[in-house]
Amino acid sequence: GLGGTLMDAVLAVEQISLVCPRSADVLHAGNFGPARALSEYGTPEQKKKYLEPTLSGHGVVAIGMTEPDAGSALTELKTTATPDGDGYRVNGTKVFTTYSMDATSVLAYVRFGPGIDGIGSVLIDINSQGLTFGDTSKYMSGDLWRQLYFDELYVSPGDVLLKKGGFKKQISAFNAERVGNSARALAFGRHAFNIAREHVLYRRQFGRRLCDFQGTQWKFAEMAMKLESAQLMLYKAAINADRGLPSATETAMAKHL
């Protein structure tokens, strides 16, 4: 909201997470994922309806991208948006729907037509008729999510974020999402490292602190190197994205590390 860059958001997520990783999730939701896509491509009306509540803390936009048969291979998604008057009818299923437990709306990737050029996205109110929820599941991080089912759900033309042919723009926003996810994961890693470090500094075994054992020192050296490597790759991806050179390769590498 203050005109900061993607790199600024990464640094803020990192610093807040050193104290409380969960608190950083609030900042993450307002700077990455659906919020970033809305900021870049949303109409003034869409920003007022969906983005402003997110930034003010009164709303959350979930991401509906992954499907049972379409994960990393996003071009295989099967959720369809077929014309119905001026709007569209959405049918399909989404899984691993981040923020879906608290969402007030969903940014859903849909297929308007065949091939890559047929992929776009729509915005869906969480109380829309035709939207139902499956069982609650849990990520490794402990976050909860629920499966989304769309059955003849009507989407007005004003709630279409990216129309047919918008796939490249959608992926560009997704690359920013990867940067945010990488920052979040790295923050959790550093938080865990600090907790473990505190433990070995004071825990004693056989008359010595755990940190005095060379085997323990090796493990911490390896962890520190992995964290530093991940941070450097993350910073490179974020800085290049701010320069107008977002790289799917760099963001994927940062997420992997």
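What follows draws every value from the coordinates through simple rules; no lab data is involved. Just so we're clear, the structure is a prediction, and the values are computed from it rather than from any experiment. Neighbour counts run over all protein chains shown; Cβ positions are idealised from the backbone, glycine included.
Once the piece of chain linking R243 and M140 is laid out straight, how much longer is it, given 0.36 nm per residue of separation minus the C-alpha distance between them? Write down the numbers at each step before the final one.
Working: separation 103, 0.36 × 103 = 37.08 nm, distance 3.32 nm.
Answer, rounded to one decimal: 33.8 nm.
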Could you let me know the centre-to-centre spacing of segment 211-255 and segment 1-45, using Cα atoms, in angstrom?
20 Å
Summed residue charge, Cβ within 14 Å of Q170's Cβ, Lys/Arg positive, Asp/Glu negative:
+4
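Just in segment 195-251: which chymotrypsin sites (Phe, Trp or Tyr not before Pro) are loop by DSSP and have at most 10 other Cβ atoms within 10 Å?
Values: sites: Y202, F206, F213, W218, F220, Y235; in loops: F206, F213.
Counting only loop positions with at most 10 other Cβ atoms within 10 Å, the chymotrypsin sites (Phe, Trp or Tyr not before Pro) in segment 195-251 are F206.
Any of K48/K169; K138/K169; K94/K168 with alpha carbons more than 32 Å apart? Name them for me. Intermediate values should be presented prior to the final figure.
Numbers: K48/K169 21 Å; K138/K169 30 Å; K94/K168 20 Å.
Correct reply: none exceed it.
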Between K219 and F193, what length in nm is gained on full extension when 0.36 nm per residue of separation is reduced by their alpha carbon distance?
8.3 nm
Quick one: grab the alpha carbon gyration tensor of the chain, order the square roots of its eigenvalues as a ≥ b ≥ c, and give me rounded if a/c is under 1.5, else prolate or oblate depending on whether a/b is larger than b/c.
prolate
List the trypsin sites (Lys or Arg not before Pro) within segment 1-107 that fall in a DSSP loop (any state other than H, G, I, E or B) and whose Cβ has at most 15 other Cβ atoms within 10 Å.
K78
Which value, in debye to the nearest 20, gives the size of the charge dipole of the chain about its Cα centre, when Lys and Arg are +1 and Asp and Glu are -1 at the Cβ?
920 debye
Rounded if a/c under 1.5, otherwise prolate or oblate - segment 44-187, Cα gyration tensor axes
rounded
By the scheme Lys and Arg +1, Asp and Glu -1, what is the net charge of all other residues having a beta-carbon under 11 Å from that of L148?
0
If the elastic network links every pair of Cα atoms under 10 Å, which of I195, I239, I124 fluctuates the most in the Gaussian network model of the chain?
I195
Among L234, L18, L162, which one moves the most in a GNM of the chain with springs linking Cα atoms closer than 10 Å?
L18
